[in-house]
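Student: Got a structure for you, questions after.
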Amino acid sequence: MEHVTKIFSNGTVALNDMSLTVRQGEFVSLLGPSGCGKSTALRIIAALGDVTRGAIDWPSSRISAKGRPEGDISFVFQEPTLMPWATVFGNVYLPLKLRGQSQSGVRDQIMEILRTVGLQDFANAYPRELSGGMKMRVSIARALVTKPKLLLMDEPFAALDEITRQRLNDDVLRLWHETGITVVFVTHSVFESAYLSNRIVVMRARPGQVFDDFALDTSQIRDEDYRSSDEYHQACAKVSHALQGAIHAAGGEH
Amino acid sequence: MSDKVSAIEHDGSAYARPGFWSRHGETILKILIPAAVLALLVGIWQAIVVIYQTPHYILPGPLLVLEAFFEDWGTLAPALWVTTKITFISLGLALVGGVGIAVIMVQSRWIETALYPITVILQVTPIVAIAPLILIYTPTTQIALLICAFLVAFFPILSNMAQGLKSVDHNLLNLFELYGASRWQTLIHLKLPASMPYFMTGLRIGGGLALIAAVVAEFAAGSAGAGSGLAFRLLESQYRLNIPRLFAALFMLACLGVAIFALTSFISWLFLHRWHESSLKREN
């Protein structure tokens, strides 16, 4: 994923003439008030929604008929979106099964990815037996099992409690470092975006557009110490300021 | 409760080992209470017959019915077998047809628009009204009964299945699309398993209705002779004022109905108990 450019406009003005280039290996947060079209933007990148005008350019060679690079994208939804009738193993196996890979051939691969998210002991559990945070881990494991180049996350931890969310944030950061994957992370949390990303795209509503776009490179390793550092607080303040600007630009009704 | 108290009195450790009663008490009560109520009702029935000296051609006592049940077993058993066969074959056909048409219907809105009114017309027309007509066009009464029972059992399975196929989580559909799943893969790996609870509802309703339709259709069609089912034996007993036999046939029908209910509930449990909310015991 070297140069992803997408330019689109939408008739219902969910998004109006929005352009964004994501470079390989970036961790981009899409931040904005509710209704600014950040989830819509993410769905359009995944070619899950129709585009009125504009197009998405991919550097990848293999583009499917639907307009997305085959097998290079994964999506983590706001809900865990697991199949309740399948075990944790079965849920993670799904993307590979749809590619026609036999279960015996990929068993080790699946167990490995379950180990990465700390669920190796729950391979045979059903989703209903898991906590909200664990279900989300399964969802992340399923997204990573295909070894995608781009991971799209749509407010994945919004419904979780603060402690679980922080732990999952750390997990996502670790996985990002380990795999070198590109992440586009939609969130409405200033703190989450400041903690996770090395680039923040602030969106405004009516019409949905990029309001601000800046890098957030830090010298510190992002861990618990970073969370209490001045650098983090300054980043939060900067992001918060940009968000206020975006809300103001849209009429300040939020 | 009293057992717990006595356990404390005897060895002072009520928590140490839960007794047989506290482990299985609820299950036993669940069987004992309905059985006791049933026995009580049969007892009252017998008492009424004895006290009022009711003639057995109006209301036979339970003992007389039991006697008829064993004496007329030779006549009733083949009839029971015929009714059972018609019920299960028609239910089987309704399952295949209902699921098949539901799957076809959800493939395209046009097919649904074309087929749905026909299935509704077939459903809302009282089956007894069509039975004589079906009888004209079919070679044997058996086949006519089969068609009637099929028509009745078919609709709940179709409508539940169609509802289930359409109620799949949209994000899961998105997920399948994202991974480039074919229409066939989406059907097999997502839509069919997701509509399992709906299918099971259709199965339980359809199972009960198939039996009812098999009996009602036989009343209307009026079969006779060796190939006749329990409904014919019911009518025949009524004409001959052989009321004990009528009760015995009724008893058989009730048992068949209970058996079908138990079977469909068991199948439902078998498929859903590991994951579906309906089969789970609430723990909090």
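The values are calculated or read from the model by the stated rules, or taken from the named source; none is laboratory data. On a predicted model such as this, the values are computed, not experimentally measured, just so you know. Here the Cβ positions follow ideal geometry from the backbone for every residue, glycine too, while neighbour counts run over all protein chains shown. Quick note on the areas: whole protein, heavy atoms, side chains included, nothing else; ligands and nucleic acids left out. Shrake-Rupley method; radii C 1.70, N 1.55, O 1.52, S 1.80 Å.
Student: Under a GNM of chain A (C-alpha, springs under 10 Å), which listed residue has the highest mean-square fluctuation: A:GLY133, A:GLY54, A:GLY25?
Tutor: Ranking A:GLY133, A:GLY54, A:GLY25 by mean-square fluctuation puts A:GLY54 first.
Student: Here's a follow-up. Tell me which aspartates and glutamates have Cα within less than 20 Å of A:LYS147's Cα, excluding those fewer than 8 residues away on the same chain?
Tutor: Correct list for A:LYS147: A:GLU2, A:GLU26, A:GLU70, A:ASP72, A:ASP108, A:GLU112, A:ASP170, A:ASP171, A:GLU178, B:GLU177.
Student: Next question. Out of A:GLY208, A:GLY118, A:GLY32, any idea which swings most in a Gaussian network model of chain A, alpha carbons joined below 10 Å?
Tutor: Answer for the Gaussian network model of chain A: A:GLY118.
Student: Here's another thing I want to ask about it. How high is the FRET efficiency from B:VAL120 to A:ARG167, r the C-beta distance, R0 51 Å, rounded to 0.05? If you can, show how the numbers build up before the last one.
Tutor: Working: r = 53 Å, r/R0 = 1.04.
Given R0 = 51 Å and the Cβ-Cβ separation, E is 0.45.
Student: A follow-up question, please. Just the C-alpha atoms of chain A: what Rg/Rh do they give, with Rh taken as the Kirkwood radius?
Tutor: Numbers: Rg = 18.3 Å, Rh = 18.9 Å.
Reported Rg/Rh (Cα atoms, Kirkwood Rh): 0.97.
Student: Name the residue, out of B:ILE104, B:ILE86, B:ILE212, whose mean-square fluctuation peaks in a Gaussian network model built on chain B with Cα pairs under 10 Å.
Tutor: Judging by the Gaussian network model, the answer is B:ILE104.
Student: Select from chain A the helices, each a whole stretch of DSSP H, whose alpha-carbon atoms run 15 Å or more along the helix axis and whose Kyte-Doolittle mean is at least -0.5; answer none if there are none.
Tutor: Length and hydropathy pass: A:88-98, A:103-116, A:132-144, A:230-249.
Student: A follow-up question, please. Students often get this wrong: which residues of the range B:222-261 have the backbone nitrogen under 14 Å from the point 7 angstrom along Cα-to-C-beta of B:GLU71?
Tutor: B:241-249
Student: Give the distance, in whole Å, between the Cα centre of the range A:120-190 and the Cα centre of the range A:192-237.
Tutor: One Cα centre to the other: 19 Å.
Student: Using modelled amide H (1.01 Å from N, peptide plane; none on Pro or chain starts), what sits under 5 Å from the amide H of A:MET18, excluding residues fewer than 5 places away?
Tutor: A:PHE8
Student: While we're here: Sorted from largest to smallest, which semi-axis lengths in Å does the alpha carbon gyration tensor of chain B give for its equivalent ellipsoid, taking the root of 5 times each eigenvalue?
Tutor: 40, 37, 12
Student: Now, a different point. Given a cut-off of 18 Å, name the pairs among A:LYS97/B:LYS166; A:LYS38/B:LYS191; B:LYS166/B:LYS191 whose C-alpha atoms lie farther apart than that in the structure shown.
Tutor: A:LYS97/B:LYS166; A:LYS38/B:LYS191
Student: Mean Kyte-Doolittle of at least -1.0 and a Cα length of 18 Å or more along the axis: which whole DSSP H helices of chain B meet both?
Tutor: Helices passing the filter in chain B: B:20-52, B:73-107, B:109-124, B:141-166, B:196-221, B:243-272.
Student: Using a Cα-Cα cut-off of under 20 Å, which aspartates and glutamates could be cross-linked to B:LYS30, ignoring same-chain neighbours fewer than 8 residues away?
Tutor: Counting by Cα, and skipping residues close in sequence, B:LYS30 has these aspartates and glutamates nearby: B:ASP3, B:GLU283.
Student: So what does A:LYS149 come to for accessible area, using a 1.4 Å probe and Å² rounded to 10?
Tutor: 100
Student: Continuing with this model, one more query. Give me, ordered by chain and number, the residues 5 or more places off A:PHE211 or on other chains with an amide H under 5 Å from its own placed amide H.
Tutor: Excluding prolines and chain starts, which carry no amide H, the hits are A:VAL202, A:MET203, A:ARG204.
Student: So, one more: What residues have an amide H closer than 5 Å to that of A:PHE75, excluding those fewer than 5 places away on the same chain, when H is modeled at 1.01 Å from N in the peptide plane?
Tutor: Sorted by chain and number, the residues that satisfy this are A:LEU152.
Student: Starting from the Cα of A:GLU112, step 7 Å toward the Cβ, then list every residue of the range A:127-154 with an amide N under 14 Å from that point.
Tutor: Correct set: A:144-148.
Student: Please give, to one decimal in nm, the separation of the simple spin-label points placed at B:THR54 and B:SER167, each 7 Å out from Cα toward the Cβ.
Tutor: 4.3
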